[in-house]
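Below is one structure; the comments refer to it alone.
The values are calculated or read from the model by the stated rules, or taken from the named source; none is laboratory data. Only a predicted model underlies this, so the values are computations on that prediction, with no experimental measurement involved. FYI the Cβ positions are ideal-geometry reconstructions off the backbone, even for glycines, and counts take in every protein chain you see. Heads up: the accessible areas ignore ligands, DNA and RNA and are worked out on the full protein's heavy atoms, side chains in. Shrake-Rupley method; radii C 1.70, N 1.55, O 1.52, S 1.80 Å.
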Amino acid sequence: MERPNAWLDYTDAQLDDLTRICDGYKGFISANKTEREFCSAAVALAREAGYRDLAKLVAQGTALKPGDRIYCSNHDKGLLLIELGTEPLERGLNILGAHIDSPRLDVKQNPLEEKSELATLDTHYYGGIKKYQWVTIPLAIHGVICKKDGTTVNVCVGEAPDDPVFCVSDLLIHLSKEQLAKTAADVIEGELLDVIVGNRPIKVDEDAKNADAAEKGGAAEGKPGAKTAVKAAVLDLLARELGIDEEDFLSAELEVVPAGPARDLGFDRSLILGYGQDDSSCAYPSLVAQLECEAPRRTAVTILVDKEEIGSVGATGMTSRFFEDAIAEVMELAGEGGELALRRCLRRSRMLSSDVSAAYDPSYASVFEPKNSCYLGHGLTFNKYTGSRGKAGSNDANAEYVALIRRCMDDAGVHFQTAELGKVDAGGGGTIAYILAKYGMDVIDCGVPVLSMHSPWEATSKADVYEAYRGYKAFLQLD
């Protein structure tokens, strides 16, 4: 069952709308590469669209009614958006769920060191990456540094045209005989992903060059030693520019990501090349679809979560009680409170787990099964199940629910396709789908096909991003 290429069916008006969505998408993911940045920008857009903070509504005891729009932030790393429908909440919700974290390098808590007059930051990679892809490319540092006095310093270095960038070095080809004999998994070791941040030493006083200071690799009488003059220069710069000292790294969350904006890919500009499209290519269309939702009968919900790439754990991951607790608060303010009503609401809900799928890549055709693969430009992709090998870790949506979703997409004229994540036994992966399914609700994975998934620069089709937006919007309006 071949699905038609979406580009062949677009009217001029749809092409204009596609450009609107994709230009907005490129700008958004270029400016918001971390979960904190995505959440902050999404909250700003939600407020502009008339969404109100749930925490304030709870504190004021504000009664909620159909048409009310509410948002709830989870530690500034996750976000819940709700537009109350005309039907009682107990009859269930239409939910879009995407994650806003992406594979990257995280700066360690005690990261700064100097070796042979190179200052570096130690990192620990986050999520599933091919480590060799992260060397010799321009990198930027994003994040926050929280100081003991309660102030927070926002960090974003490497994105502005006149900013410096950072990188991880690699061994020159001329001396790489032994390195190249290693497997791809081992050719770059995790502990070698040290980010270069400086090389210029601070001037060292003669009395600080004594043997004692050099032996300690530190300073005499508070002055930098010769062996740490570059590190001292970096710390001096950080103190002047950001007002932080070395101890402040202990309470910092700094993420190292590819530097630079998302760009059009191809002579025809039909594709997008950018960092973090797993899962921004689903999270952004979900966000826009939610903000543009109009008077739904069933309450429309979008949840954007953190930590999916490392197992959906922690207070900001999908396995936390944040979602359930926030829905309980909303139901209480809407006059439908109670444990049984909450359980009925969650059980009768429907969800699209908005996560990406592996686009068929003809260069690596051996790991795909062609008729059960998704293709760039052919629309929104539904994965009835994910998991690995014998569907381990999969949600596996019910056939009845798949039929309902087919009808919804066809009625809205949305281009969609179905797929598996590669050949049986070739590998596999998972999403947040199974976590929401524990409530008994219907859930199916549904997202954008991606080339080079989990690489520093991933590729998507503009048509698929647009069809995701259209499909998500149709789903939120589904009775």
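Within the range 460-475, residues that are touching a residue at least 60 places away in the same chain (Cβ under 8 Å) and among the hydrophobic types (A, V, I, L, M, F, W, C) sit with their Cβ atoms under 9 Å from residues that are open to solvent by 10 Å² or more (accessible area, probe 1.4 Å) and in a strand (DSSP E or B), at 6+ positions apart or across chains, in these pairs: 475/350. Answer with yes or no whether residue 326 is in contact with a strand residue (DSSP E or B) (Cβ under 8 Å, 6 or more places away or on another chain), at pLDDT 95 or above and within 19 Å of residue 63 (Cα to Cα). In short, yes. Filter the range 436-451 for residues that are open to solvent by 10 Å² or more (accessible area, probe 1.4 Å) and either in a helix (DSSP H, G or I) or farther than 25 Å from residue 391 by Cβ (or both) and give the result. Of everything in the range 436-451, just one residue is open to solvent by 10 Å² or more (accessible area, probe 1.4 Å) and either in a helix (DSSP H, G or I) or farther than 25 Å from residue 391 by Cβ (or both), namely 437. Scanning the range 111-160 for residues that are among the polar types (S, T, N, Q) and free of Cβ contacts under 8 Å to residues at least 60 places away in the same chain turns up 116, 136, 151, 152, 154. For the range 297-311, a residue qualifies if it is in contact with a strand residue (DSSP E or B) (Cβ under 6 Å, 6 or more places away or on another chain) and either of a type outside the set (D, E, K, R) or closer than 19 Å to residue 84 by Cβ (or both), and the qualifying residues are 298, 299, 300, 301, 302, 303, 304, 305. Evaluating residue 290 against the criteria (1) surrounded by fewer than 22 Cβ atoms within 10 Å (Cβ to Cβ); (2) out of contact with any His (no Cβ under 8 Å at 6 or more places or on another chain); (3) part of a helix (DSSP H, G or I); (4) not small (Gly, Ala, Ser) leaves one unmet condition, (1). The single condition among (1) exposed (fewer than 14 other Cβ atoms within 10 Å of the Cβ); (2) of a type in the set (Ser, Thr, Tyr); (3) within 17 Å of residue 197 (Cβ to Cβ) that residue 120 does not meet is (1). The residues of the range 293-323 that are modelled with pLDDT of 95 or more, part of a loop (DSSP other than H, G, I, E, B), of a type in the set (Gly, Ala, Ser) and within 29 Å of residue 67 (Cβ to Cβ) amount to a single one, 320. Residue pairs whose Cβ atoms lie under 8 Å apart, separated by 6 or more positions or on different chains, with the first residue in the range 323-349 and touching a residue at least 60 places away in the same chain (Cβ under 8 Å) and the second of a type in the set (S, T, N, Q) and open to solvent by 10 Å² or more (accessible area, probe 1.4 Å), are 333/62.
Okay, residues lined up against (1) part of a loop (DSSP other than H, G, I, E, B); (2) open to solvent by 20 Å² or more (accessible area, probe 1.4 Å):
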site	(1), (2)
365	no, yes
376	yes, yes
381	no, no
396	yes, yes
404	no, yes
409	no, no
423	yes, yes
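Residue count for the range 115-166 under the criterion of being in a strand (DSSP E or B) and touching a Pro at 6+ places or on another chain (Cβ under 9 Å): the result is 10. The helices (runs of 4 or more DSSP H) found wholly in the range 1-102 and carrying at least 2 residues that are within 24 Å of residue 336 (Cβ to Cβ) and either modelled with pLDDT of 95 or more or open to solvent by 20 Å² or more (accessible area, probe 1.4 Å) (or both) occupy 54-60.
Please determine whether any residue of the range 333-344 is closer than 25 Å to residue 100 by Cβ and either open to solvent by 10 Å² or more (accessible area, probe 1.4 Å) or over 26 Å from the mean Cα position of the chain (by Cα) (or both). Spell out the reasoning first.
Here is the first cut: in the range 333-344, the residues closer than 25 Å to residue 100 by Cβ are none.
The answer is no; no qualifying residue exists.
Taken over the range 383-392, the residue count meeting the criterion of being basic (Lys, Arg) and either open to solvent by less than 60 Å² (accessible area, probe 1.4 Å) or in contact (Cβ under 8 Å) with a residue 24 or more places away in the chain (or both) is 2. Selection of the range 366-413 for residues being within 26 Å of residue 270 (Cα to Cα) and touching a Cys at 6+ places or on another chain (Cβ under 8 Å) yields 380, 381, 382, 383.
Inspection of the range 413-421 finds no residue satisfying the criterion of being surrounded by 16 or more Cβ atoms within 10 Å (Cβ to Cβ), modelled with pLDDT under 95, closer than 26 Å to residue 344 by Cα and of a type in the set (A, V, I, L, M). Scanning the range 233-286 for residues that are surrounded by fewer than 22 Cβ atoms within 10 Å (Cβ to Cβ), on the phi > 0 side of the Ramachandran plot and either under 28 Å from the mean Cα position of the chain (by Cα) or not in a loop (DSSP other than H, G, I, E, B) (or both) turns up 260, 266, 269. Please go through the range 305-322 and pick out each residue that is hydrophobic (A, V, I, L, M, F, W, C) and either touching a residue at least 40 places away in the same chain (Cβ under 8 Å) or in contact with a Pro (Cβ under 7 Å, 6 or more places away or on another chain) (or both). Within the range 305-322, 305, 310, 315, 318, 322 qualify. Just a yes or no: is a residue in the range 386-393 hydroxyl-bearing (Ser, Thr, Tyr) and more than 23 Å from residue 313 (Cα to Cα)? The answer is no; no qualifying residue exists. Screening 113, 35, 83 for residues that are of a type in the set (Asp, Glu), touching a strand residue (DSSP E or B) at 6+ places or on another chain (Cβ under 7 Å) and closer than 28 Å to residue 134 by Cβ leaves exactly one candidate, 113. Quick check on residue 168: is it surrounded by 14 or more Cβ atoms within 10 Å (Cβ to Cβ), touching a helix residue (DSSP H, G or I) at 6+ places or on another chain (Cβ under 7 Å), farther than 12 Å from residue 256 by Cα and among the hydrophobic types (A, V, I, L, M, F, W, C)? In short, no.
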